[in-house]
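One structure follows; several queries about it will come next.
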Amino acid sequence: MQKLKIASYLSLLIVITFRAALLSLSSLYISPEFPLIRFLVVPDLLSGLRRAAARKHKI
C-alpha cells in the first residue's frame, strides 16, 4: 500500500515537472526565430505528458 502511494506521488511530480517544462518551453519558443525547435520539442513533451498520464491512470 505504501509503495502504491509513493508511486502515485512520483507520477504526479513527473506530470507537474512536464507541465512546467512545457510552459517554459512554449514561452521560450514563441519567438519566430525558433519555429522548427518549437514544432520538434513541444509535441515530444506533449506525448511524454500523455504517456505519464496514462501510466498514472494504470496505477
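The values are calculated or read from the model by the stated rules, or taken from the named source; none is laboratory data. Please read these numbers as outputs of a predicted model, since none were measured by experiment. Reconstructed Cβ throughout: ideal geometry from the backbone, glycine too, with neighbour counts over all protein chains shown.
Those residues that are modelled with pLDDT of 80 or more and either surrounded by fewer than 14 Cβ atoms within 10 Å (Cβ to Cβ) or small (Gly, Ala, Ser) (or both), I need them from the range 17-49; list them, please. Show your work before the answer.
Within the range 17-49, the subset modelled with pLDDT of 80 or more is 17-18.
Selection gives Thr17 alone.
While we're on this one: Please list, ordered by first then second residue, the pairs with beta carbon atoms under 8 Å, 6 or more apart or interchain, first in the range 1-15 and in contact (Cβ under 8 Å) with a residue 40 or more places away in the chain, second surrounded by fewer than 12 Cβ atoms within 10 Å (Cβ to Cβ) and not in a helix (DSSP H, G or I).
That search, which allows pairs on different chains as well, returns Leu4/Ile59; Ala7/Ile59; Ser8/Ile59; Ser11/Ile59.
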